[in-house]
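One structure is given here, and the rest of the page talks about it.
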Amino acid sequence: MAFFTNSRPPQDTVEATTEEGPAPEGPPEHIPDDATTDGNTDTGSGTEGMATVPAHATRSGTTGDASDGAGGGLRARYPAAARTVTWVTTALAAALVLSALVLPDQLSRLTPGAFARIPVEGILGAAVLLVLPLKARRVAAVLAGVVLGVLTILDFLDMGFYSVLDRPFDPVLDWGLFADAESFLRDSVGRAGAIGAVVLVLLLVVALPLLMAWAVVRLSRLTDRHAGATVQGTLALGTVWIICMALGVPVASRSTAESVGNRVEQVNADLNDNRAFAKEAAVDPFRNTPADQLLTGLRGKDVIFTFIESYGRSAVQDPAIAPGVDAVLADGTSRLRAAGFSSRSAFLTSPTAGGGSWLAHSTLLSGLWITNQQRYRSVTSSDRLTLTGAFRRAAAWRTVGIMPGVTRAWPEARFFGLDNVYDSRNLGYKGPKFSWSPVPDQYSLSSFERLEHGKPGPKPLMSEIILTSSHTPWAPIPEMVGWDQVGNGSEYNAIKKAGENPKDVWKDPAQVRTQYGRSIQYSLNSLISYVEKYGKDNTVLVFLGDHQPAPIVTGENASRDVPITIVAHDPAVLDRISSWGWQDGLKPGPDAPVWRMDTFRNRFLTAYGPQPGASPSPSSR
């Protein structure tokens with residue numbers, strides 16, 4: 001105790017008067033010499049320290065929040081109210097600081113028990129403030145409050161990112177995702193709601209550091225006036241914290257220190273990731289493969305790679321979602337078999353969850369693990385051979401992309417080896433937007449048939465198609481119409497009008513899961529119906545999910561697996577992958593093989609490359 005009480009200058013009564021309110025009128029009172037020599041003057045014990053404090057100051061309370069005015073001041077006129085205000089604001093300051101120090105970073109952990117903990121950072125902070133000189137103490141309190149406010153904002157960001165992307169916020173690489181968040185809000189609650197949410201967030205970002213600085217400064221002043229009690233409380237809480245930590249009792253908290261450490265590690269990893277990724281990307285067994293040795297087992301085939309938004313393992317295994325989706329897959333397997341098609345299915349582990357579809361697309365096609373925007377920019381600006389690019393290098397296919405989610409220039413098309421890209425601006429769609437999705441999946445596939453697949457050409461097609469109708473917020477959802485009724489999309493106006501409002505859907509998590517399942521069913525029905533109607537003897541379809549949906553659908557700790565299926569009319573195509581152990585049909589079972597998504601490119605190029613005794617199929621379409 002002597003360490004704390006003797007290593008800081010005692011608080012004199014001049015400071016107490018200054019903090020309590022304006023000095024009374026008239027000449028300043030003389031401060032006796034002995035008032036500054038008693039280290040316990042500010043504890044209020046005895047009468048020595050009280051002799052020099054004006055009477056109105058001693059009656060008004062301990063901190064002086066109410067300002068004095070004419071006629072003796074509000075504090076003197078309403079002492080009980082002043083004391084109540086003082087106690088309440090001090091309690092609020094303490095609650096604010098404590099909450100910030102023990103605040104969890106995930107909504108699921110936001111329970112009363114999370115706040116019934118002793119933060120070691122608060123104990124150490126009180127000890128530091130006690131030993132600092134007055135001016136340094138005030139500066140330290142302000143800085144500590146601002147830092148704590150910033151850390152609290154980062155905790156709130158973590159809550160949002162865990163809720164949507166099943167991971168914490170990356171302070172280096174994730175800033176570009178806020179535009180997507182605003183777009184999601186606009187689609188879910190409308191433009192006015194999105195603007196209101198953005199304004200509220202900006203106010204919170206400004207207010208939290210200021211409020212936290214005020215709270216820490218207020219508590220530091222309290223320790224000034226009650227140094228003895230603060231020392232005793234600090235030592236007692238420190239002892240309890242050490243005992244609880246030694247015994248493994250969850251009352252002892254160091255979450256803020258751990259959070260800071262994790263963020264420092266994350267920033268360091270981000271800064272070093274470019275070097276690590278360049279080393280990974282330098283390894284490419286197909287970099288120098290001659291064009292005539294690429295994809296010889298698919299020559300003459302129309303090959304379609306289709307990504308279905310948010311089509312994850314939960315869609316085929318979650319008891320609340322799977323029955324409807326599984327029924328569509330079972331029916332689709334039978335219908336395609338009747339049309340002469342066979343299929344094999346398994347799972348791939350995506351590098352992302354809840355969003356970031358482009359990371360999954362680039363992972364599958366580049367054969368590299370693309371987990372963040374920095375890696376995406378690096379790989380798409382390189383000369384890495386992509387799976388789709390291999391078809392272009394082989395010079396035996398025309399390569400096209402159907403990208404209904406693209407609304408502006410997309411320079412990455414060159415990296416992915418696409419000769420021509422049709423996006424939301426040139427698909428000819430005149431119908432309504434379905435929340436985030438600009439174009440219904442059936443219309444996208446109908447446009448593909450009209451613009452490319454249904455036209456004769458000198459070469460077969462390799463196509464990359466993105467189906468977006470199963471994108472959040474999963475309301476309203478399009479419905480299937482006759483293929484001859486798709487037209488220019490105006491048919492969908494009535495369908496959208498009759499659909500669910502996302503504002504209503506997102507009030508109930510159970511309804512969100514139901515709508516998610518319905519959206520997956522629609523996307524699968526669109527694709528299966530397309531192959532059934534327009535598929536040819538040379539059609540090869542590879543379709544898969546890009547990532548699992550948000551945790552509001554999957555729950556916590558869900559896998560990142562997505563189904564993948566290969567459909568072909570020619571049995572020789574599936575014979576090439578017989579060693580993979582994939583399961584028959586459109587639906588992979590719980591025990592189906594699981595690969596990392598970045599391994600698929602090499603396996604696919606190997607399986608459909610030159611093999612002993614194999615001769616390529618005719619190259620004519």
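Residue-by-condition table, conditions (1) open to solvent by less than 20 Å² (accessible area, probe 1.4 Å); (2) touching a residue at least 60 places away in the same chain (Cβ under 8 Å):
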position	(1), (2)
277	yes, yes
287	no, yes
295	yes, yes
315	yes, yes
319	no, no
325	yes, yes
329	yes, yes
332	yes, yes
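Of the helices (runs of 4 or more DSSP H) entirely within region 281-389, those holding at least 2 residues that are hydrophobic (A, V, I, L, M, F, W, C) and under 26 Å from residue 418 (Cα atoms) occupy 357-366. Among the residues of region 533-580, the ones that are closer than 20 Å to residue 166 by Cβ and among the polar types (S, T, N, Q) come to 4 in all.
Regarding region 352-359, can at least one residue be identified that is within 30 Å of residue 500 (Cα to Cα), among the polar types (S, T, N, Q), out of contact with any strand residue (DSSP E or B) (no Cβ under 6 Å at 6 or more places or on another chain) and in contact (Cβ under 8 Å) with a residue 60 or more places away in the chain? The answer is yes; a qualifying residue exists. Of the residues making up region 551-565, those that are buried (at least 21 other Cβ atoms within 10 Å of the Cβ) and either among the hydrophobic types (A, V, I, L, M, F, W, C) or more than 15 Å from the chain's Cα centre (by Cα) (or both) number 6. Do we have any residue at all in region 269-285 that's of a type in the set (S, T, N, Q) and modelled with pLDDT under 95? Yes, the conditions are met somewhere in region 269-285.
For region 396-437, filtering for residues that are more than 22 Å from residue 310 (Cα to Cα) and touching a Lys or Arg at 6+ places or on another chain (Cβ under 7 Å) leaves 6. Residue 446: open to solvent by 20 Å² or more (accessible area, probe 1.4 Å), touching a residue at least 24 places away in the same chain (Cβ under 8 Å), in a helix (DSSP H, G or I) and within 27 Å of residue 167 (Cα to Cα), yes or no? When the stated conditions are applied, residue 446 does not pass them. Does residue 439 qualify as being in contact (Cβ under 8 Å) with a residue 12 or more places away in the chain, in a loop (DSSP other than H, G, I, E, B) and in contact with a Pro (Cβ under 6 Å, 6 or more places away or on another chain)? Taking the combined requirement at face value, the residue satisfies it.
Inclusion of residue 247 among residues that are of a type outside the set (Val, Ile, Thr) and surrounded by 13 or more Cβ atoms within 10 Å (Cβ to Cβ) is not warranted.
Restricting 217, 231, 206 to residues that are without any contact (Cβ under 8 Å) to a residue 12 or more places away in the chain and either over 16 Å from residue 119 (Cα atoms) or among the basic types (Lys, Arg) (or both) narrows the list to 206. Restrict the check to region 132-155 and report whether at least one residue is open to solvent by less than 60 Å² (accessible area, probe 1.4 Å), outside any helix (DSSP H, G or I) and not small (Gly, Ala, Ser). Scanning region 132-155 turns up at least one residue that is open to solvent by less than 60 Å² (accessible area, probe 1.4 Å), outside any helix (DSSP H, G or I) and not small (Gly, Ala, Ser).
Considering (1) part of a helix (DSSP H, G or I); (2) over 30 Å from residue 385 (Cβ atoms), the lone condition that residue 249 does not fulfil carries the number (1). Of the numbered criteria (1) within 27 Å of the chain's Cα centre (by Cα); (2) of a type outside the set (Lys, Arg); (3) open to solvent by 10 Å² or more (accessible area, probe 1.4 Å), the one residue 396 fails is (1). Take the conditions (1) open to solvent by 10 Å² or more (accessible area, probe 1.4 Å); (2) within 30 Å of residue 394 (Cβ to Cβ); (3) not in a helix (DSSP H, G or I); residue 451 misses just one of them, which is (3).
State which residue is least open to solvent (accessible area, probe 1.4 Å) when the search covers only region 252-275 and only residues that are under 23 Å from residue 117 (Cα atoms), touching a helix residue (DSSP H, G or I) at 6+ places or on another chain (Cβ under 8 Å) and not in a loop (DSSP other than H, G, I, E, B). Out of the qualifying residues, it is 253.
The values are calculated or read from the model by the stated rules, or taken from the named source; none is laboratory data. Please read these numbers as outputs of a predicted model, since none were measured by experiment. For neighbour counting, all protein chains shown are included, and Cβ atoms are generated from backbone atoms with ideal geometry for every residue, glycine included. Just so you know, the surface numbers come from the protein's heavy atoms only, side chains and all, with ligands and any DNA or RNA stripped out. Shrake-Rupley method; radii C 1.70, N 1.55, O 1.52, S 1.80 Å.
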